[in-house]
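Here's the structure, in structure tokens; my notes come after.
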Amino acid sequence: MITELSEQEAIRRESLKELEKAGINPYPAEAFEVNVTTAEIHAAFPSDNSLFQEISIAGRIMTRRIMGAASFVDLQDSTGRIQLYVKRDEICPGEDKSLYNTVFKRLLDIGDIIGVTGYVFITQMGETSIHVKSLKLLSKSLRVLPVVKEKDDQVFDAFSDPEARYRQRYVDLIVNPEVREVFIKRSQIINTMRSFFNERGYLEVETPILQPIPGGAAARPFITHHNALDIPLYLRIANELYLKKLIVGGFDGVYEFARDFRNEGMDRTHNPEFTVLEIYVAYKDYFWMMDFTEQMLERVALALHAKTAVQVGDRTIDFKAPFRRLTMSDAIKEYAGVDIAGKTEDEIRAFCKSLNIETTPSMGKGKLIDAIFGEKCEEHLVQPTFITDYPIEMSPLCKRHRSDPELTERFELFVNGKELCNAYSELNDPIDQLDRFQQQLELSKKGDDEAMFIDMDFVRALEYGMPTCSGMGIGIDRLTMFMTNQPSIQDVLFFPQMRPEKKATPAGDADEAFLAAGVPEAWIPVLRKYGFKSVAELKAANPNKLLNDLGGLRKKMKLDIPALKLEEIQAWVSA
RNA sequence: CUCUCCGUAGCUCAGCUGGUAGAGCAAAUGACUCUUAAUCAUUGGGUCACAGGUUCGAAUCCUGUCGGGGAGACCA
């Protein structure tokens, strides 16, 4: 684990030892009392100088400006930053000035976490600051933080490498304050929605993530295995069927913020695991749900921005209810210029050809219509728009339209050309439901590998009777991208999925090979430094010379590991 | 999966048509008791992602691998 340390990391580890020698615990166990945050000081101090005369505050050292016997430090806590004024004779009132001269100036670094006491004042340059009376190290930082500087709203040397930011999000959060803001807003979005539901008496529930049948959506699942039951289990792709079983069970409204998993491609709008809210409300239909959805989104926008207009890229999106409503057939008429109403599969296939849309024989009527819509319409739906009345083949869980048996009572909400919500008047006819599942089976025989599985327990539940019901699902990650103006899903997930980091395998053999030959772990980096990259090279060496050279190297590098014996080295070479 | 750009010090980046690496910040040492991208002086810090190839000589040219960004294909 401890490979080559950089010069600065080695210096920090030395400082750590010196601190311990001086009797300072770099990682003390006891609590440090904090009685104020930087945000509270900045909010109240300038108007009332009598406040904050005895404060205790903790945070991370972000930058220092040392001028001999006095210094300024920028301290960052969870709410922001404040400047500290550290004066030698203030923190070292007696003869012994080592706390300032040695500990503060030499042994502390940017990145260390400290606690201070003192009082708030305003410097001659007009900056609200803390006059430090005592200072205590709370945690020593051994790694070097990127130092981001700022002047007149211009940022210098920003920590910007996406790979490093996503892999080491903690560093990103420390040095890039706007990143923290995105995630605070994400939490606000979820809280606003939760209040909206709870005020109406709906119940927050939890349903299985490990499912024997991955139902409720069309997607490729992750498969895992349960040892005790000796059965395959799937990570859920949706929770729709379970929530509807709860409506059967007698709840009037249930919702879940669910983590779903889909074993499909990754790009800037798709992560293998993502968060979806699904809500089901008894005795409602999809018209009711449209009203509900637009009110919910308007409220989220207001909660975050205090207005309904939200900046997304170079566009302004207005979440003020009501949103435009358009049937799918009208949308295709408007944007593709063809009328699909009452047309056969062959006629629609011909439309696709005339519009230069690729088709395959396995595509049914529903997929063909969806292809036209996807190619020609979606990109135009910038302002929030409900697209309604989808063809029946695409919606096996959705109630047939009350006035057209070819269609379903379904809507999707499009924002900025992307799908955001999906909702139905839920299908509660168990015979129709089984029939639709069987049609899915036919599709899958035709080669559609994402047709739905049949969940017989769900059909059985419907046979007991489910009230009329409307359900809606909304992608929380996508919603957060819109509401916080982030172009990539990776920017709204703390830890987006990444390929595993491989430590650059040094030329020659891996550590394991050296260990297998009997070399103690601590000596492996030494051998590499000495020039042995592989076990084979090691075996070719003269054990006596090795003993001498390695002993010398141990002294030179001041290594804190036991000296080697000739027999040990002979064992490696002959192993 | 395809195309494309990228990978150099802890961070942000230079490095030309090939000649064994530079800057700013950060760090070390020193000066400085109201600075704020603090300032001034001195110094150290590199497996140029990895592996091959071409060449007298490769950070640079070529091939492959790994990792990342972007675009597309596929996909809700």
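Read phi for every residue in the range A:85-91 and hand back ³J(HN,Hα) as whole Hz from Karplus 6.51 cos²θ - 1.76 cosθ + 1.60, θ = phi - 60°, with x for Gly and Pro.
With coefficients 6.51, -1.76 and 1.60, one gets 10, 10, 10, 3, 6, 7, 8 Hz.
By how many nm would the segment from A:Glu206 to A:Lys307 grow when fully extended, if each residue of separation counts as 0.36 nm and the alpha-carbon distance is taken off?
Numbers: separation 101, 0.36 × 101 = 36.36 nm, distance 3.26 nm.
Value of the extension gain: 33.1 nm.
Within a 10 angstrom radius of the beta carbon, how do A:Thr360, A:Thr192 rank from fewest other beta carbons to most?
A:Thr360, A:Thr192
With both bridge residues required to lie in chain A, what share of the DSSP beta bridges run antiparallel, to the nearest 5%?
Details: 79 of 88 bridges.
Looking only at bridges with both residues in chain A, the antiparallel portion is about 90 percent.
Could you name the aspartates and glutamates in cross-link range of A:Lys245, using Cα to Cα under 14 Å and dropping any fewer than eight places away on the same chain?
Cross-link targets: A:Glu206, A:Glu256, A:Glu278, A:Glu426, A:Asp429, A:Asp455, A:Asp457, A:Glu463.
Quick one: go through the range A:13-49 and flag any residue whose amide nitrogen is under 12 Å from the point 7 Å out along the Cα-to-Cβ line of A:Lys87.
Those under the cut-off are none; the list is empty.
Only counting other Cβ atoms within 10 Å, I'd like A:Met452, A:Met125, A:Met266 sorted with the fewest neighbours first.
Arranged by neighbour count, lowest to highest, A:Met452, A:Met125, A:Met266 become A:Met125, A:Met266, A:Met452.
Quick check on the exposure proxy: order A:Met290, A:Met481, A:Met394 from fewest to most C-beta atoms within 10 angstrom. List each step's numbers first, then the result.
Numbers: A:Met290 22, A:Met481 25, A:Met394 18.
Ranked by crowding around the Cβ, least crowded first: A:Met394, A:Met290, A:Met481.
Just grab the label-to-label distance for A:Gln439 and A:Ser362, each label 7 Å out from Cα along the Cβ direction, in nm (one decimal).
According to this spin-label approximation, the distance is 1.9 nm.
Using only Cα atoms, what Kirkwood radius does chain A have, in angstroms?
This gives a value of 29.3 Å.
Find how many whole Å separate the alpha carbon centroid of the range A:199-257 from the alpha carbon centroid of the range A:362-411.
25 Å
Where does the charge balance sit around A:Thr207 when Lys and Arg score +1, Asp and Glu -1, over other residues with C-beta under 10 Å from its C-beta?
Taking every other residue near A:Thr207 into account, the sum is -2.
For the range A:271-318, which trypsin sites (Lys or Arg not before Pro) pass both filters: DSSP loop (anything but H, G, I, E, B) and at most 12 other C-beta atoms within 10 Å? Provide the component values of the computation, followed by the final result.
Working: sites: A:Lys284, A:Arg299, A:Lys307, A:Arg315; in loops: A:Lys284, A:Lys307.
For trypsin sites (Lys or Arg not before Pro) across the range A:271-318 that sit outside H, G, I, E and B with at most 12 neighbouring Cβ atoms in 10 Å, the list reads A:Lys307.
Would you work out the charge dipole size for chain A about its Cα centre, treating the Cβ of every Lys and Arg as +1 and the Cβ of every Asp and Glu as -1, and quote it to the nearest 20 debye?
Its charge dipole is roughly 2120 debye.
For n ≥ 4 DSSP H runs only, could you compute -39500 (n - 2.57) per run for chain A, divide by its residues and tell me the 222 nm figure to the nearest 500?
-10000 deg cm²/dmol
Return the distance in nm (one decimal) between the two label points of a simple spin-label model at A:Glu273 and A:Arg499, each offset 7 Å from Cα along Cα→Cβ.
It is 2.2 nm.
State which entries of A:Lys185/A:Lys418; A:Lys185/A:Lys376; A:Lys367/A:Lys399; A:Lys399/A:Lys446; A:Lys376/A:Lys446; A:Lys333/A:Lys353 exceed 28 angstrom in Cα-Cα distance in the structure shown.
Over 28 Å apart, Cα to Cα: A:Lys185/A:Lys376.
Can you give the FRET efficiency to the nearest 0.05 for A:Phe287 and A:Tyr170, using r as the Cβ-Cβ distance and R₀ = 45 Å?
Given R0 = 45 Å and the Cβ-Cβ separation, E is 0.45.
Taking K and R as +1 and D and E as -1, what net charge do the other residues with C-beta under 12 Å from the C-beta of A:Phe257 add up to?
The answer is -3.
What FRET efficiency comes out for the pair A:Asn198/A:Leu51, r = Cβ-Cβ distance, R0 = 60 Å, nearest 0.05?
Computed FRET efficiency for A:Asn198 and A:Leu51: 0.95.
Can you return the aspartates and glutamates within cross-link range of A:Lys87? Criterion is Cα-Cα under 18 Å, with same-chain partners fewer than 8 residues away left out.
Qualifying aspartates and glutamates at Cα under 18 Å: A:Glu54, A:Asp74, A:Glu95, A:Asp96, A:Asp109, A:Glu127.
What is the distance in Å between the Cα centroid of the range A:315-360 and that of the range A:98-159?
The range A:315-360 and the range A:98-159 have Cα centres separated by 59 Å.
Which of the DSSP-defined H helices in chain A satisfy a minimum axial length of 20 Å, computed from C-alpha atoms, and a minimum mean Kyte-Doolittle hydropathy of 0.0?
Numbers: long enough: A:7-21 (21 Å, -1.65); A:177-199 (33 Å, -0.44); A:286-305 (28 Å, 0.29); A:430-445 (23 Å, -1.04).
Flagged H segments are A:286-305.
Suppose each label sits 7 Å from its Cα in the direction of the beta carbon; what would the A:Glu9-A:Asn101 distance come out to in nanometres?
Taking the simple label geometry, A:Glu9 and A:Asn101 are separated by 3.3 nm.
Read-outs throughout are calculated quantities, based only on the coordinates presented, and are distinct from any laboratory measurement. If you're wondering where the values come from, they're calculated on a predicted model, not measured in any experiment. Using ideal geometry, Cβ is built from the backbone for each residue, glycine included, and neighbour counts are taken over all protein chains shown.
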